[in-house]
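Single-structure report; data block below.
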Amino acid sequence: MKITITKIFYTLLLILTGLGAFAQSGKSSVSGKLVDDKGAAMDYATISLLNAADSAIVKGTLTTEAGTYLLDNIKPGNYIIKATNIGYAKAVSAVFNISADNARFIVPNLVMHQNTRALNTVTITSTQPLIERKIDRTVMNIENSVLAAGNTAFEILQKAPGVDVDKDDNISLNGKQGVTVMINDKLTYLSAAQLATLLRSTDGTTIKSIEIITNPSAKYDAAGNSGIINILLKKNKQSGTNGSATIGGGYSKNPRDNMSLNLNHKEGNLNLFGTFSRGDNPHYRNFSIDRVTTDNVDKQTYFTQTSQMTQTNHYNNYNIGADLDATSKNTMGFVISGYSNSEHDVNTNHTLIGATPAIVDSSLTTGSAINQTYRNFALNLNDRYKIDTLGQELSVDLDYSKFNNNSIAQYNTDYFLATGGTQHASQLLRNQTPSVIDIRSGKADYSKPLNKTMKLETGVKFSNVKTDNDLQAQKALTNGTYVNDTSRTNRFIYSEKIDAGYVNLNKEFKNGSVQLGLRAEYTQSNANLLGSTPVDRSYFNFFPSVFINRTLNKKNEIGFSYSRRIDRPNYDNLNPFIYYLDPYTYSQGNSFLKPQYTNNFELNYTYNKTVNVSLGYSKTTDVITELILTVGNKSFETHDNLQVQNSYNINVYSPYTITNWWTGNFNFNGFYLGFKSNGFMGGTVDNGQAAFVFRTTQTFLFGGFKGELSGDYHTALTYGIYHLYARKEIDAGISHSFANKKLNIKLAMDDIFNMRTNDLSSNDLNNNFIIRQKGDTRLLKLNFTYNFGNSKIKKREHHGGAEDEKGRVGGGN
């Protein structure tokens, strides 16, 4: 199975878009082709660039499907190319020279012959393949691989099956963003840019393997459906100090800036680490609503609303910690992290009101100023004990996190007659909403190999969350003084306890594997709006998971997975307080929200470790859905539970190589989403639509530079009660590394043609509206990153068991 059609398609597409300017190859490069004794291309064989003097590995890569390979940024010297592949005798080139006069050397075709020599005595050494499909994950074994030499962790990650990194360093898995990145089984709290900086400063020789988990097992929290990339590092044995510093800026409607510092130091058995980042990210958005309301006597009222929204964000994030190897078997550590962020919003909203769209009976103007601050402090204590050398291990994490969020909002509404005169006195409102969230959690995980082919994993976790939201609402009197508004002032307290336990049993077979898992979670929650009846809930759930994997032959693998998942409401969505856009438009939380449950089924096929095709079906009950509801002449945004959502999808992802200097990937995700809910708000929801998302990224190497062009297109989509209009975007970027890859400069532009919008409409549940939104999506960015010190040391990145709970807290940047 070749992807010739795909290559031709993209060749024509990008020629038409005038990208021939990238058609020069990089300097100081070695390229060639590998074939078998019949002349057929040898794909995904290991290519090693060796120093001719001592046969030391300088750099390595894999051949493409066409059997070609490219090694760039080669220093002057004498070299040899060695090719190896399982079942074949190695092939070695003649010695060649790289110099200023011979900077781009093409190695004559290397021929590999099947290894048929019989040996009287055979010594078998167990080695791991580079790409290994396990029951619930795909593993890329880096340790002892030629890829480890001469490459950074960031460069190796981009070679992992199904992994894509765009020009902004956002990591996606099988075309889906929002991927959770872990290092040594512990979650990171880094932005995409910070994580990229960290990985660029990590030498490839420190990596043991990269695990790609598309459907998490019972070991992980039952909440959410995101995939996981887990980078496992070899134990750090080198002392020294390293770090990286990044500074950058951008411009759209307003200038933006960002900077970060990352430091690591190891001395003996102690490893210290810390990061700090800060930045300013202003945003601007034009927002309009055209809506029609109908009263009990079928009288219609037309509202035309236009808003200009400006937002200024400032963030300061930090993370410090230490690891101590107390003994050869026991490692303990701590991590302190947090942030101090602020946001300032200034909105101006104009509303025209009339019996027909052409006739204005009255109007109003609402100006609002909202100042918000977000503070977080988190502490993690951890201990890992290796019980024996057979793989038996126990790890413990204790977490505490506190969030202090505060908002002060002021609204000033002026009312006008059709003639432009004042209708009545202005309305002045003021809200103060301090909020405190406490999260405590602890977890313990135990694993034990039962024999050579069977492994047991089990563990427990508990969490305790309490949120306290206090709305202090005020209104202005005619003399300008503010008094308490008892009709709106209130306090909302929410508490939640979750106790969980899991067990996983994994069995390996000759050509496949099976994993069975079961997670149990008991949840108790209390939502209390003072003066109202508290909403108490307690529920016990089982979350089974099944993974079956089968290797058909060298190039073909199939797999099946099933899991049951839960998504609990975000804490902000439970808060029933009202936040105004104007007197006729507002948002409100819903303390009666229930959790949603999803049954996921997936059948996947992998060809040659690169082309991934999956067919999926999921059914979600009590699906938590954002809704805009109209009551009388007022519309408000909230969240509620619809009865069921059915999802069918096909996902195709594949990287490909057109030439040595031109590579790319594409992702096609076709799906059908159907929502049904009978008797909801006196009406019925029965909506569904087939849609697709297409994304592609093209990467070009030219003269030591790396250029990237990416685009995506979303067809129109029905989601819940909304009809979302089609969306499209094209981005581009260019980067270059200096000083032996220690300094990197990147220039990029988002949404080059300023096409990205977010428009929607609805005619369900007594709604009749259309919303148009356009933000400052065209953004020019420039970033400088410098790596310093000993790049081979690396902290044991560690975060604990409160990740699901923290993910439901809003406000942090």
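Could you say which residue among Tyr415, Tyr411 is in contact with a Lys or Arg (Cβ under 8 Å, 6 or more places away or on another chain) and more than 26 Å from Gly321 (Cα to Cα)? The match here is Tyr411. Of the residues making up region 50-65, those that are assigned to a loop (DSSP other than H, G, I, E, B) and open to solvent by 40 Å² or more (accessible area, probe 1.4 Å) are Ala53, Asp54, Ser55, Ala56. Being in contact with a Phe, Trp or Tyr (Cβ under 9 Å, 6 or more places away or on another chain) and among the acidic types (Asp, Glu) is a description that does not apply to Asp536. Scoring Asn349 on the criteria (1) in contact (Cβ under 8 Å) with a residue 40 or more places away in the chain; (2) part of a strand (DSSP E or B); (3) farther than 30 Å from Phe287 by Cβ leaves a single failure, condition (3). Inside region 273-284, residues that are without any contact (Cβ under 8 Å) to a residue 60 or more places away in the chain and more than 19 Å from Asn783 (Cβ to Cβ) make up a count of 1. Note on region 504-584: enclosed strands (runs of 3 or more DSSP E) holding 2 or more residues that are open to solvent by 70 Å² or more (accessible area, probe 1.4 Å) and in contact (Cβ under 8 Å) with a residue 12 or more places away in the chain are 512-529, 535-551. Filtering Thr327, Thr294 for residues that are open to solvent by less than 60 Å² (accessible area, probe 1.4 Å), more than 23 Å from Tyr374 (Cβ to Cβ) and of a type outside the set (D, E, K, R) leaves a single hit, Thr294. Among the residues of region 236-291, the ones that are of a type in the set (Phe, Trp, Tyr) and surrounded by fewer than 17 Cβ atoms within 10 Å (Cβ to Cβ) come to 3 in all. Checked against (1) open to solvent by 20 Å² or more (accessible area, probe 1.4 Å); (2) free of Cβ contacts under 8 Å to residues at least 60 places away in the same chain, Phe675 passes all but a single condition, namely (1).
Listed here are the residues, each with its yes/no results for (1) within 28 Å of Gln427 (Cβ to Cβ); (2) open to solvent by less than 20 Å² (accessible area, probe 1.4 Å).
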{"site": "Leu627", "(1), (2)": "yes, yes"}
{"site": "Lys634", "(1), (2)": "yes, no"}
{"site": "Pro655", "(1), (2)": "no, no"}
{"site": "Thr659", "(1), (2)": "no, no"}
{"site": "Asn667", "(1), (2)": "no, yes"}
{"site": "Gly682", "(1), (2)": "no, no"}
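Screening Lys455 with (1) more than 31 Å from the chain's Cα centre (by Cα); (2) open to solvent by 40 Å² or more (accessible area, probe 1.4 Å); (3) touching a residue at least 24 places away in the same chain (Cβ under 8 Å) gives one miss only, at (1).
The set of residues in region 425-448 being under 19 Å from Leu394 (Cα atoms) and open to solvent by 40 Å² or more (accessible area, probe 1.4 Å) consists of Lys443, Tyr446, Lys448.
Per the listing Thr657, Thr663, Thr621, Thr697, the residue uniquely closer than 21 Å to Leu70 by Cβ, assigned to a strand (DSSP E or B) and over 24 Å from the mean Cα position of the chain (by Cα) is Thr657.
Scanning region 684-713 for residues that are out of contact with any helix residue (DSSP H, G or I) (no Cβ under 9 Å at 6 or more places or on another chain), open to solvent by less than 30 Å² (accessible area, probe 1.4 Å), modelled with pLDDT of 85 or more and of a type outside the set (S, T, N, Q) returns Val685, Ala691, Val693, Glu708, Gly711.
Taken as a whole, region 271-281 holds at least one residue that is in a strand (DSSP E or B) and over 25 Å from the mean Cα position of the chain (by Cα).
Asp468 fulfils the conditions (1) open to solvent by less than 50 Å² (accessible area, probe 1.4 Å); (2) in contact with a Lys or Arg (Cβ under 7 Å, 6 or more places away or on another chain); (3) not small (Gly, Ala, Ser) except for a single criterion, (2). Residues satisfying the criterion are present in region 729-738 (criterion: at pLDDT 90 or above, under 25 Å from the mean Cα position of the chain (by Cα), open to solvent by less than 30 Å² (accessible area, probe 1.4 Å) and under 30 Å from Asn349 (Cβ atoms)).
The values are calculated or read from the model by the stated rules, or taken from the named source; none is laboratory data. Keep in mind that what you see is a predicted model, and the values were worked out from it rather than measured. Quick reminder, even Gly has a Cβ in these numbers, built from the backbone with ideal geometry, and neighbours come from all protein chains shown. Just so you know, the surface numbers come from the protein's heavy atoms only, side chains and all, with ligands and any DNA or RNA stripped out. Shrake-Rupley method; radii C 1.70, N 1.55, O 1.52, S 1.80 Å.
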